[in-house]
Amino acid sequence: MTAQDLAVTAATDRGTGRPEEVAVRLDQVRRTFGAKLALDGVSLSVRRGEIHALLGPNGAGKTTLIRVLTGLTTPDGGEIEVFGRHDQGPSSRQLRGSIGFVPSGDRSFYLRISGLENLRFFARLHGMSRKQALERSWQCLRSVDLEEAAKRAVGVYSHGMQKRLSFARAILTDPPLLLVDEATHDLDPEASIRIQQLAADAAEHGAAILWATQRLDEVRSFAHRVTLLHEGHTRFQGSVPDLLAMTETRRFLLQLDRDEVASGSVFERAAAVLGDDGVLVRGDDDTGHAVLHLADGVVLGRGIAALVGAGISILACREERSAMEAAFLHLTQRQTP
C-alpha cells in the first residue's frame, strides 16, 4: 500500500459510519539518551477522527515520542503500528508520505526563499504537478493567514509566522495523520484558535491527530483524549473529564457581604459551622472576598451548605485554581514510580 493509497483509504472511511479505526498504536515504547530515560514503556492509540493530546511539562518526553513516530528517532524497545503496518515502521517511505508533521522548532525551512516557494518545493516532493503545487500552496497559506507574507523570505518571518507556515506545510497533502509538536507556542490567541480549528476540521474529515502541548486550556476545550507524560512515564490516560476528576480543588474564592467581611463576624460563624471540614480566611474587605479552604475529602457543596446554613450570604464562588491545573500539578508532582 502506497502513501497515496493510505490517503485514499482514509478519505473513503470518512463519513461511512464504520467504527473508528486505530491509526496509531504504541505498545511499551522505550527510548534512552545516554543515562537519561526519555520514554519508559509508553503505550497509546489514536483513532481516525480523534484529537489525542500529549500533555506534559518540558522534558516529559513529548517531542521524543513524536520524533519516534516520524522515524526521526529510533526507539530502544516496544512496538509501533501506523495504519496497521509495523513491519517497516513509521520511517518507511510509504508511511512518511501519509504523515503531516509540525516540529517544535522553526529551523526546518529554507530561509532565503519565500514561504510560497518553500511550500511549492515540499508539494513537488510529494509528487504534485507544478500547477497543483502552486494552487495548494496558496490554499494552505490562506488558511493560516500568511497570504500577504507569501512572497517574503522566510528568514524575516517571526517565530509565530514560521510556526503557522509549518502547520501549512503539514496539511499540504491533506494527510490522514497529523503529528503536531507545540503548534501554538508563542502564537497570539487569535492565531492559536485558527490553528486549532484547522486541526479540528482535519479530524472532522477523518484524520488522526496527536497534539503535543503544555497548554492546559487547549486540552480542556480541544482534545478528545489525553495522555499525560512526566519524565518519560505515563501519568494519566483517558478523557478530559477523567483528567479533571483526578483531584479536587481545595481553594475557592467567595464573594460575601462586604459589611460582614469588614466586621469579621462572618469568620466566627464560619469557624463554628465548618469545624474540621475547612476554614474561611479573610480576603479583601473592600470587595467582600474571602477564601474557603476545604479539607481533603470534603466536597464544595458540603462547605457551601454549612456556610449558608449559618446565615452567610454567598454572592459568587469560583475556583482559585482551575481543576485542570490542579490535576496537572497533582499528576506531575507525584513521585516517579
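The values are calculated or read from the model by the stated rules, or taken from the named source; none is laboratory data. From a predicted model like this one, the values you see are computed outputs, not experimental measurements. Cβ coordinates were reconstructed from backbone atoms using ideal geometry, including for glycine residues, and neighbour counts include every protein chain displayed.
Being on the phi > 0 side of the Ramachandran plot and not in a strand (DSSP E or B) is the filter here; which residues of region 222-238 pass it? Spell out the reasoning first.
Going residue by residue through region 222-238, those that are on the phi > 0 side of the Ramachandran plot are 231-232, 238.
Within region 222-238, GLU231, GLY232 qualify.
Any residue at all in region 158-170 that is in the same structural domain as GLY97 (by TED's automatic domain parsing), surrounded by fewer than 22 Cβ atoms within 10 Å (Cβ to Cβ), modelled with pLDDT under 95 and part of a loop (DSSP other than H, G, I, E, B)?
For region 158-170, residues in the same structural domain as GLY97 (by TED's automatic domain parsing), surrounded by fewer than 22 Cβ atoms within 10 Å (Cβ to Cβ), modelled with pLDDT under 95 and part of a loop (DSSP other than H, G, I, E, B): present.
State all residues of region 125-157 that are of a type in the set (Val, Ile, Thr) and either part of a helix (DSSP H, G or I) or over 30 Å from the mean Cα position of the chain (by Cα) (or both); if no residue qualifies, say none. I'd like the intermediate steps shown before the answer.
In the first step, residues of region 125-157 are kept if they are of a type in the set (Val, Ile, Thr); the result is 144, 154, 156.
Within region 125-157, VAL154, VAL156 meet the criteria.
What are the residues in region 255-304 that are among the basic types (Lys, Arg) and either within 40 Å of the chain's Cα centre (by Cα) or over 19 Å from LEU315 (Cβ atoms) (or both), if any?
Filtering region 255-304 for residues among the basic types (Lys, Arg) gives 258, 269, 282, 302.
Matches in region 255-304: ARG282, ARG302.
Is it the case that some residue within region 197-206 is assigned to a strand (DSSP E or B) and either in the same structural domain as PRO175 (by TED's automatic domain parsing) or at pLDDT 85 or above (or both)?
The first filter runs over region 197-206 and keeps only residues assigned to a strand (DSSP E or B), leaving none.
Within region 197-206, not a single residue is assigned to a strand (DSSP E or B) and either in the same structural domain as PRO175 (by TED's automatic domain parsing) or at pLDDT 85 or above (or both).
Name the pairs: first residue in region 118-129 and farther than 14 Å from ASP174 by Cα and in the same structural domain as LEU146 (by TED's automatic domain parsing), second residue surrounded by 15 or more Cβ atoms within 10 Å (Cβ to Cβ) and aromatic (Phe, Trp, Tyr), Cβ to Cβ under 7 Å, at least 6 apart or on different chains?
Filtered contacts from region 118-129: ASN118/PHE109.
Which one of LEU26, LEU37, LEU44, LEU54 is assigned by TED's automatic domain parsing to the domain that holds GLU81, at pLDDT 90 or above, more than 17 Å from ALA200 (Cα to Cα) and crowded, with 22+ Cβ neighbours inside 10 Å? So that I can check it myself, show each step before the final result.
Numbers: LEU37 fails: crowded, with 22+ Cβ neighbours inside 10 Å; LEU44 fails: crowded, with 22+ Cβ neighbours inside 10 Å; LEU54 fails: more than 17 Å from ALA200 (Cα to Cα).
On inspection, the qualifying residue turns out to be LEU26.
Let me confirm something: among ALA133, ALA153, ALA199, which residue is crowded, with 19+ Cβ neighbours inside 10 Å and either touching a strand residue (DSSP E or B) at 6+ places or on another chain (Cβ under 9 Å) or touching a residue at least 40 places away in the same chain (Cβ under 8 Å) (or both)? Break it down stepwise before answering.
Working: ALA133 fails: either touching a strand residue (DSSP E or B) at 6+ places or on another chain (Cβ under 9 Å) or touching a residue at least 40 places away in the same chain (Cβ under 8 Å) (or both); ALA153 fails: crowded, with 19+ Cβ neighbours inside 10 Å.
Of ALA133, ALA153, ALA199, the one residue that is crowded, with 19+ Cβ neighbours inside 10 Å and either touching a strand residue (DSSP E or B) at 6+ places or on another chain (Cβ under 9 Å) or touching a residue at least 40 places away in the same chain (Cβ under 8 Å) (or both) is ALA199.
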